[in-house]
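K.L.:
Questions regarding the structure given below will be posed in turn.
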Amino acid sequence: MKYALRTLWKDRGFAAMAVLSLAIGIGANTAIFSLVNGVLLRPLAYPDPHRLVALAITTPDFNQGAPLPINVAQLVEWRKRTQSFAGIGAYRNTTMSLSGDGRPELISGAQVSANFFDVLGIHPHLGRFFVDAEDHYGQHRVAILADSLWKRRFGGDPNVIGRKITVSGAPYIVVGVLPPDFEFPRQPSDMGRRLDGRMEMFRPLAYEPDDIVPHGGDLNYAAIARLRPSVSLERASHELTAVEAAIDSQMHEGVWHITPVITPLQQKLTGDVRQSLIVLMAAVGAVLLVLCVNLANLSLSRAAGRGREAAIRTALGASWWQLARHSLAESGVIAALGGGMGVLFAFAGMQKLLASAPIDMPRLNGVSIDVRVLLFALAISAATALVFGILPALRSASSGAPYETLKSTSYANAGGPSGLRLRNGLVALEVGLCATLLVTAGLFLSSFVHLISIPKGFDIERVLAVDVALPGAKYSSDADTTRFFETVLDQVRAMPGVESAAVSSYLPLRGESWVDIVGVENDSRPESQLPNANLRFISPDYFRTLHMPLRAGRDFQDPDRNHLTAIISQSLARKLWPNGDPIGRKLSDNGKAHDVVGVVGDARSTSLDKSPVDMLYLPLWQRPQNSSSILVRTAMDPKAIAAALRAAVWNIDSDIPVPEERTLAQIMSQSVARRRFQMTLVLLFALGALALAVFGTYGVVSYSVARRRSEIGIRLALGAGRTRVLLLVLRQGMTPVFVGLVAGALAAAAIGSYLSTLLFDVSPHDPVAFAITAAVLLTASALACWIPARRAASVNPLDAIRYE
């Protein structure tokens, strides 16, 4: 080790470059692994997390067979009829206004069953959890606070238990505070409003007697269950399927074919991001491998340059192991220093990585550099030492007969043809890895560009949106709710620079919300064969505000208050009246007939990467929602009217919380945050691999030119033209590049099927991505070879021969 340190100190330039390169590579791998560890590998922070499962239902006749939430009746019946579960809990996302003792605040939270926290196996930090009686409406005015809300709003006061607070305009009693490390198991398929940030307040389900009568609607609750000890997933699934089949047969005469779906909770929570994180881990691992190959190539060159030293040591009695040990000691020192610096880089980079991660990525609270991550950093440091140190060590230990080496020329000391072939093979390997990464990055980039440029069906420019949650106790009637929103709209429309304003029960690109089965008058088909549509409750001018084109008919008007009207999307119109004009026809929703007064263009209202869903728009006054959003289109920067919009709401009711306003452009950006995060990181890793591959190619060609200086001088002295020498060096340098490019393209084509589910509107074998990758790699590599080739062509023959 002392000899290795002395040798590296003597060659400080190489040592510094190698340590810094490894620090960046190991740091990047450690940071990404900490993300993978925190999101995918770390067990859920509950007792016996392997026994926790997510429950859902599916039917081929609804929502294209996608998993659906359950209703309260199913929750109650499953509890009664099953023996496989120690408990079944349910919850639904919601927003709540918290007022009194400060400015009103909009809180993200959930309605949960009384046994929900018991199913998870956690204990309160203060107070208690809900009891069964509090699940019933009328006894539900109790609340549990998250630790963050308790500390932020109530200063961490332990006397908060038993205190009355005003939630959504009604008095509630605080009965408990959750522990600081509690992590809510929010599932990606949650129904209800899609919430941003942490969930900080919880209320009981508050169901009424009619809710527990088995029925097919109100599928609003995500369910979580705990398996009994020694009960397998398969056994629980068979039992629950049989129970649901009996319920379904009694209730629907078997027409819905409902099948329960049981999924391990950890798999359910991370299912949407698992594949993306695996791709990121593979990409950053490939960069580290390219880096190791690069360092191996440089180390081979150094070992070849020290061939005479190795021969002298062998002649003086050194064994092959002693020679190899010197080389491995050097690589070990470099890897240890690089690994230590890499962990420091990972600590520094973790904050930026988490800050740029999409807000809806699950389990980010648990991402940290823990013992497992440190062991991973130690393991990859040892692996890198072995990967880039083993070849130079073996090369030093098998340098051949000392006499032959000592009498050989510099070209032979460079390793001869076999040494050059080995270094060229390593160049081909790193170019192949780089090509695979570049193709992958090109596919993700092309996919992202297609996604954000696809026609959305509405215009996001210069539109401001703000969520408003009216207290249910204060705005208990439809008339009061409608009057509030219409008064706000009147004030907003009078503001300078406002072109139009409207209210919607749900913002675009925020996922699916209220889904109903719709039909036409006198339709004799069973419900399972009727189309389903997403509902939006909107005010007039909604389509004008979003620049959504009316294809037929008109917008809602004041005379429509006297009877039920509806506007439908083009896709729903084609399903209901494939050969007729829908205007003036009657549509059935929840047993009520609505006159269709307009048809609007299809829009990607749930997410950009999903096809437009069938939409049913009903007027705000028909079924006003206390939790709705105000949309304002302006002729200027929409943020300029944010303060005035907030003031307009508070002028009417100062107890209503108004969260931070967002533009539709920001909402769209957030909706594609996961894809942008993945695309950005893979692109950065690919560019890093490209730089390393080009540097490796340049290093090998430069080293070859330097070692063959006398040979090149002799060629020039014997009449070889400088152009011929230039082409000779270029051909030899580009040959491994071509080999690596072909191998990388084949590897990228092979993994295309795995990437296909992560791409949007792009084939995993997109010829454009492959062609651009080939052009970039060949151009960069040709430039890397051109510089030493020009140096070779400018060699003075007399100087080269005299030097030799």
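K.L.:
Hey, does the stretch 638-646 have a residue that's in a loop (DSSP other than H, G, I, E, B), at negative phi and at pLDDT 90 or above?
P.N.:
No, the stretch 638-646 contains no residue that is in a loop (DSSP other than H, G, I, E, B), at negative phi and at pLDDT 90 or above.
K.L.:
Sticking with this one: Only one of ALA56, ALA31 is under 29 Å from the mean Cα position of the chain (by Cα), within 30 Å of GLU330 (Cα to Cα) and in contact (Cβ under 8 Å) with a residue 60 or more places away in the chain; which?
P.N.:
Going through ALA56, ALA31 in turn, just one is under 29 Å from the mean Cα position of the chain (by Cα), within 30 Å of GLU330 (Cα to Cα) and in contact (Cβ under 8 Å) with a residue 60 or more places away in the chain: ALA31.
K.L.:
Taking interchain pairs and intrachain pairs at least six residues apart, which have beta carbon atoms under 6 angstrom, with the first residue in the stretch 217-242 and among the aromatic types (Phe, Trp, Tyr) and the second surrounded by 15 or more Cβ atoms within 10 Å (Cβ to Cβ)?
P.N.:
TYR221/PRO69; TYR221/ILE70; TYR221/ALA90; TYR221/ARG92
K.L.:
Please count how many residues of the stretch 84-112 are in contact with a helix residue (DSSP H, G or I) (Cβ under 8 Å, 6 or more places away or on another chain) and under 26 Å from ILE359 (Cα atoms).
P.N.:
In the first step, residues of the stretch 84-112 are kept if they are in contact with a helix residue (DSSP H, G or I) (Cβ under 8 Å, 6 or more places away or on another chain); the result is 84-91, 98, 101-102, 105, 107.
Right, trim to under 26 Å from ILE359 (Cα atoms) and you get 89-91, 98, 105, 107.
Here the count works out to 6.
K.L.:
Right, next: Exactly one condition in (1) over 22 Å from GLY169 (Cα atoms); (2) open to solvent by less than 20 Å² (accessible area, probe 1.4 Å) is not met by ASP118; state its number.
P.N.:
It is condition (2) that ASP118 fails.
K.L.:
Residues that are at pLDDT 80 or above, outside any helix (DSSP H, G or I) and open to solvent by less than 20 Å² (accessible area, probe 1.4 Å): does the stretch 326-336 have at least one?
P.N.:
No: zero hits.
K.L.:
Can I ask one more? Can you tell me which residue within the stretch 663-722, out of those that are of a type in the set (Phe, Trp, Tyr) and closer than 30 Å to ALA789 by Cα, is farthest from the chain's Cα centre (by Cα)?
P.N.:
TYR703
K.L.:
Turning to a different aspect of this structure: Specify which of the listed residues (ALA315, ALA311, ALA246) is more than 37 Å from the chain's Cα centre (by Cα), of a type in the set (A, V, I, L, M, F, W, C), at pLDDT below 90 and within 30 Å of PRO214 (Cα to Cα).
P.N.:
ALA246
K.L.:
So, in the stretch 35-59, exactly how many residues are farther than 18 Å from ASP272 by Cα, part of a helix (DSSP H, G or I) and either touching a Phe, Trp or Tyr at 6+ places or on another chain (Cβ under 7 Å) or not charged (D, E, K, R) (or both)?
P.N.:
2
K.L.:
Give all pairs with beta carbons closer than 7 Å in which a residue from the stretch 170-181 that is on the phi > 0 side of the Ramachandran plot meets a residue that is of a type in the set (D, E, K, R) and surrounded by 12 or more Cβ atoms within 10 Å (Cβ to Cβ); count only pairs at least 6 apart in sequence or on separate chains.
P.N.:
Filtered contacts from the stretch 170-181: no entries.
K.L.:
Collect the residues in the stretch 1-28 that are outside any helix (DSSP H, G or I) and open to solvent by 60 Å² or more (accessible area, probe 1.4 Å), keeping them in residue-number order.
P.N.:
Let us first name the residues in the stretch 1-28 that are outside any helix (DSSP H, G or I), namely 1, 11.
The answer is MET1, and nothing else.
K.L.:
For the stretch 60-92, give me each residue that is part of a strand (DSSP E or B), open to solvent by less than 20 Å² (accessible area, probe 1.4 Å) and either more than 13 Å from LEU219 (Cα to Cα) or free of Cβ contacts under 8 Å to residues at least 12 places away in the same chain (or both).
P.N.:
PHE85, GLY87, ILE88, GLY89 - these are the residues of the stretch 60-92 that are part of a strand (DSSP E or B), open to solvent by less than 20 Å² (accessible area, probe 1.4 Å) and either more than 13 Å from LEU219 (Cα to Cα) or free of Cβ contacts under 8 Å to residues at least 12 places away in the same chain (or both).
K.L.:
Collect the residues in the stretch 226-248 that are outside any helix (DSSP H, G or I), under 10 Å from SER84 (Cβ atoms) and of a type in the set (Gly, Ala, Ser), keeping them in residue-number order.
P.N.:
SER232
K.L.:
Can you tell me which of ALA296, ALA286, ALA282 is open to solvent by less than 40 Å² (accessible area, probe 1.4 Å), at pLDDT 90 or above and assigned to a helix (DSSP H, G or I)?
P.N.:
Sole residue among the options that is open to solvent by less than 40 Å² (accessible area, probe 1.4 Å), at pLDDT 90 or above and assigned to a helix (DSSP H, G or I): ALA286.
K.L.:
Kindly indicate the residue of the stretch 587-631 that is touching a Lys or Arg at 6+ places or on another chain (Cβ under 9 Å) and free of Cβ contacts under 8 Å to residues at least 12 places away in the same chain and also least open to solvent (accessible area, probe 1.4 Å) among those meeting that condition.
P.N.:
SER611
K.L.:
Continuing with the same structure: Can you name the strands (runs of 3 or more DSSP E) wholly within the stretch 469-586 that have at least 1 residues being more than 30 Å from ASP360 (Cβ to Cβ), in contact with a strand residue (DSSP E or B) (Cβ under 9 Å, 6 or more places away or on another chain) and open to solvent by less than 40 Å² (accessible area, probe 1.4 Å)? Don't jump to the end; show me each part of the working.
P.N.:
Values: elements: 498-504, 514-520, 532-538, 550-553, 565-569.
The strands (runs of 3 or more DSSP E) meeting that bar are 498-504, 514-520, 550-553, 565-569.
K.L.:
All but one of (1) part of a loop (DSSP other than H, G, I, E, B); (2) within 29 Å of SER447 (Cα to Cα) hold for PRO624; state the number of the condition that does not hold.
P.N.:
Only one criterion is unmet by PRO624, namely (2).
K.L.:
While we're here: Exactly one condition in (1) crowded, with 19+ Cβ neighbours inside 10 Å; (2) at pLDDT 90 or above is false for ARG708; which is it?
P.N.:
The single condition ARG708 does not satisfy is (2).
The values are calculated or read from the model by the stated rules, or taken from the named source; none is laboratory data. Only a predicted model underlies this, so the values are computations on that prediction, with no experimental measurement involved. Cβ coordinates were reconstructed from backbone atoms using ideal geometry, including for glycine residues, and neighbour counts include every protein chain displayed. Protein only, heavy atoms only, side chains kept; ligands, DNA and RNA dropped before computing areas. Shrake-Rupley method; radii C 1.70, N 1.55, O 1.52, S 1.80 Å.
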